[in-house]
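> This is the structure I want to talk about, given as structure tokens.
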Amino acid sequence: MRFIGTVHLRAAPASPGTRALPAALGGILAAACGLAAAELVAQAVPSGVSFVVAVGDRVIALAPPWLKDTAISLLGTRDKPALLTGTVVLLLAAAAGVGLLARRSPRAAYAGVGVLVLVGLLAALREPRAGVGAAIATAVVATAVGCAALRRLVARPLHDRPARPPALQEGRREFLVAAGLIGAGTVASLWGARLLQARRSVSELRAAIRLPRPAVPAAPLPAGARLDVRGISPLITPNADFYRIDTALLVPQVDVRDWRLAVTGRVRTPRSWSYEDLLAMPQTESDITISCVSNEVGGALVGSARWQGVLLTDLLDLAGVEPGATQVVGISVDDFTAGFPTATGTDGRAAMVALGMNGEPLPVAHGFPARLVVPGLYGYVSATKWLREISLTTQEEFDGYWVPRGWSKLGPVKTESRIDVPVSGSGLRAGPIEVAGVAWAPHRGISAVEIRVDDGPWERATLSAQTVPDLWRQWRWTWDASPGSHTLRVRATDGTGAVQTGRHAPPAPDGASGWHAVDVSVNS
Ligand SMILES: Nc1nc2c(c(=O)[nH]1)N[C@H]1C(S)=C(S)[C@@H](COP(=O)(O)O)O[C@H]1N2
Ligand SMILES: [Mo]
């Protein structure tokens with residue numbers, strides 16, 4: 001049969017209803033429309049949450065640790081957009097099936113819509129900030145809109161006469177018109193949801209905040225604290241370039257006007273402070289390198305900032321830590337938790353509730369309005385962003401978010417060094433070449449960095465001047481490169497004299513180890 005066009009469709013009303021492609025497309029469009037309506041409702045009502053984001057959050061919460069690792073190593077910090085896209089693609093694939101089903105069994109197809117919405121509803125109800133009423137309202141609208149669009153496009157009427165047949169059976173033009181209208185409604189709803197979501201953002205509130213001058217400013221940088229080499233990591237990482245790692249699919253938007261930070265648990269007097277209260281307390285400023293336990297050797301999940309905030313010990317002293325409270329647990333507004341030994345947080349290091357990062361209020365993605373920063377510990381055991389509570393407990397009583405997922409209970413940062421230039425795969429000219437990078441062993445400090453070419457001797461690099469041991473140091477070494485293929489390796493020695501191990505270990509369970517190596521080819 002090679003008939004094409006509306007004439008044929010009208011002439012043979014039995015066959016068009018069976019065509020698979022438009023039916024599948026109709027199913028997809030109906031789902032997109034239902035989804036868009038759900039997003040609009042979720043953004044419009046107070047305590048509404050996006051079903052797509054909620055499903056993505058469930059995937060993150062239930063994903064085995066190896067999957068999280070793979071996602072981070074494959075996608076880096078683009079893992080979140082990828083997850084959201086994946087969720088939507090899966091939904092639309094299911095919707096195509098629903099569209100096909102609708103031609104024969106509209107009842108089953110409507111049930112299919114119901115199942116998809118139910119998945120979203122159940123996920124939404126698990127979101128800490130979701131309202132039950134809002135989630136149900138979102139589900140009802142999604143179901144109604146999805147089924148209505150399905151009915152108009154592909155589904156046979158449930159009760160035959162005198163109902164109008166679906167557009168798919170009426171003819172090509174009718175189908176295209178209906179699809180166009182539904183598509184336009186989808187786009188308009190998504191647009192509206194976007195606008196409403198932007199209104200919920202706290203960026204404007206944040207922009208209006210002025211941080212007080214720190215009572216204890218950061219140690220002044222000595223001469224030579226910065227090395228001037230093309231391509232080397234800057235001593236202080238600009239906020240815009242700072243790595244971001246967290247389980248939050250949508251960055252929590254915390255309105256400081258009704259936010260408080262509480263200290264609870266094994267303390268004599270549980271206390272809490274508003275944002276204003278914290279700003280009014282003496283502020284400490286300190287340069288600290290933080291890193292992620294998932295960072296591979298040579299990886300980019302590490303950065304250095306000038307943090308400003310209230311010392312953790314100041315807050316703990318006001319609450320009065322009970323003897324035996326061996327663990328400090330940070331809890332975020334989105335229920336992430338990270339715990340570290342009380343002894344580590346109170347041994348005199350600049351562990352703080354940070355309110356500022358590089359002279360600005362914390363960026364929203366980095367934990368606005370407040371986060372913990374503990375020099376020397378990986379982020380997953382210490383650096384709780386969007387902090388709402390600090391709870392004192394014991395080491396045995398509680399495990400933070402990543403611990404039951406297979407990561408080590410304790411997370412001291414391993415001594416690490418990285419070659420920033422030249423990058424692997426570079427083609428270089430024989431002669432003097434600048435080799436440079438950074439090395440960090442937060443809180444122990446760095447005392448030496450050495451470079452080795454192929455199997456040659458370890459050569460001492462020049463270090464940037466030591467500032468504080470919590471901050472990484474830059475290093476440089478001039479290599480008299482000879483033609484051929486070469487491998488450059490780096491290793492650091494920390495402030496205690498311990499040399500960085502060359503033993504390779506993957507990130508799980510307590511951080512990667514090994515020497516960063518870079519392969520280059522040198523032409524004469
Ligand atoms: N609320 C919350 N805080 C969190 C996390 C998280 O998932 N949720 N991840 C932690 C991890 S694993 C790291 S490495 C640091 C990263 O901080 P950054 O994104 O500011 O670089 O945040 C920590 N704080
Ligand atoms: Mo991390």
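> On average, how much accessible surface per residue is there in the chain, in Å², for a 1.4 Å probe, leaving out ligands, DNA and RNA?
Per-residue accessible area for the chain comes out at 45 Å².
> For the range 65-203, what relative contact order do you get, as a whole percent, if you take Cα pairs closer than 8 Å and at least 6 residues apart?
Computed over the range 65-203, the figure is 17 percent.
> A further question on this structure: Please compute the contact order of the chain in relative form: average sequence separation of alpha-carbon pairs under 8 Å and at least six residues apart, divided by the residue count, as a percent.
After rounding, I find 13 percent.
> Can you give the Kirkwood hydrodynamic radius of the range 248-355 from its Cα pairs, in Å with one decimal?
Roughly 15.6 Å, rounded to one decimal.
> Continuing with the same structure: Give the dimensionless ratio obtained when the Cα radius of gyration of the range 274-325 is divided by 2.2 N^0.38 Å.
Compactness ratio reported: 1.58.
> Can I ask one more? When all C-alpha to C-alpha distances in the range 28-71 are sorted into bins of 10 Å, what percent of pairs does each bin hold, rounded to whole numbers?
Distribution as computed: 26, 36, 27, 12 percent.
> If eta is 1.567 mPa s and T is 4 °C, what Stokes-Einstein diffusion coefficient results for the range 96-147, Kirkwood Rh from Cα pairs, in µm²/s?
Answer, rounded: 112 µm²/s.
> Sticking with this one: Using a Förster distance of 22 Å, how high is the FRET efficiency between SER408 and LEU62, based on the Cβ-Cβ distance and rounded to 0.05?
So, using R0 = 22 Å, E works out to roughly 0.55.
> For the peptides 128-137, 346-355, 452-461, 370-379, what is the packing order when you average, over each peptide's residues, the other Cβ atoms within 10 Å and list the highest mean first?
Per-residue mean Cβ counts within 10 Å order the peptides as 370-379, 346-355, 128-137, 452-461.
> On average over all directions, what projected area in square nanometres does the range 48-171 have, based on the convex hull of its Cα atoms?
9.3
> A further question on this structure: If you take every residue apart from LEU221 with its C-beta less than 14 Å away from the C-beta of LEU221, what net charge results, scoring Lys and Arg +1 and Asp and Glu -1?
Taking every Cβ under 14 Å from that of LEU221, the sum is -1.
> I would also like to ask the following. Return the Cα extents of the range 107-239 along principal axes one, two and three, sorted largest first, each rounded to a whole Å.
Result for the range 107-239: principal-axis Cα extents of 87, 38, 26 Å.
> If you don't mind, there's one more thing I want to ask. For the range 243-284, what is the Kirkwood estimate of the hydrodynamic radius, computed as the reciprocal of the mean inverse distance between distinct Cα atoms, to one decimal in Å?
12.9
> Give the whole-number value, in cubic angstrom per residue, of the convex hull volume spanned by the C-alpha atoms of the range 319-369.
110
> What's the center-to-center distance, using Cα atoms, between the range 272-293 and the range 313-334 in Å?
About 14 Å separates the Cα centre of the range 272-293 from the one of the range 313-334.
> Extent of the range 394-486 along each principal axis, from alpha carbon coordinates, in Å, largest to smallest?
Largest to smallest, the principal-axis extents are 60, 30, 20 Å.
> Express in Å², to the nearest 10, the accessible area of PHE398 obtained by rolling a 1.4 Å probe over the protein heavy atoms while all chains stay in place.
So the heavy atoms of PHE398 present about 70 Å² to solvent.
> Check the straight Cα-Cα distances from LYS80 and name the lysines below 26 Å, setting aside those fewer than 8 residues away within the same chain.
LYS68, LYS385, LYS409
> On alpha carbon coordinates alone, what is the Rg over Rh value for the range 357-513, Rh being the Kirkwood radius?
1.05
> Next question, about the same structure. What is the mean projected area of the alpha carbon convex hull for the chain, to one decimal in square nanometres?
Result: 31.1 nm².
> Can you give me the relative contact order of the range 253-381 as a percent, contacts being Cα pairs under 8 Å and 6 or more apart?
About 26 percent, as a whole number.
> Could I ask something else about it? Once the other residues with Cβ under 14 Å from the Cβ of VAL522 are scored (Lys, Arg +1; Asp, Glu -1), what is the net sum?
-3
> While we're on this one: Treat each spin label as a single point 7 Å out from the Cα along the C-beta direction, and report the VAL499 to ARG104 distance in nm.
For the pair VAL499/ARG104, the computed spacing is 7.1 nm.
> Amide H of GLN500 versus every other amide H placed in the peptide plane: which residues, excluding those fewer than 5 positions away on the same chain, fall under 5 Å?
So GLN500 has HN proximity to ALA492, THR493, ASP494.
The values are calculated or read from the model by the stated rules, or taken from the named source; none is laboratory data. This structure is a prediction, so every number in the text was calculated from the model and none was measured. Positions of Cβ are generated from backbone atoms using ideal geometry, with glycine treated the same way; all protein chains shown enter the neighbour counts. Accessible surface areas use protein heavy atoms only, side chains included; no ligands, DNA or RNA. Shrake-Rupley method; radii C 1.70, N 1.55, O 1.52, S 1.80 Å.
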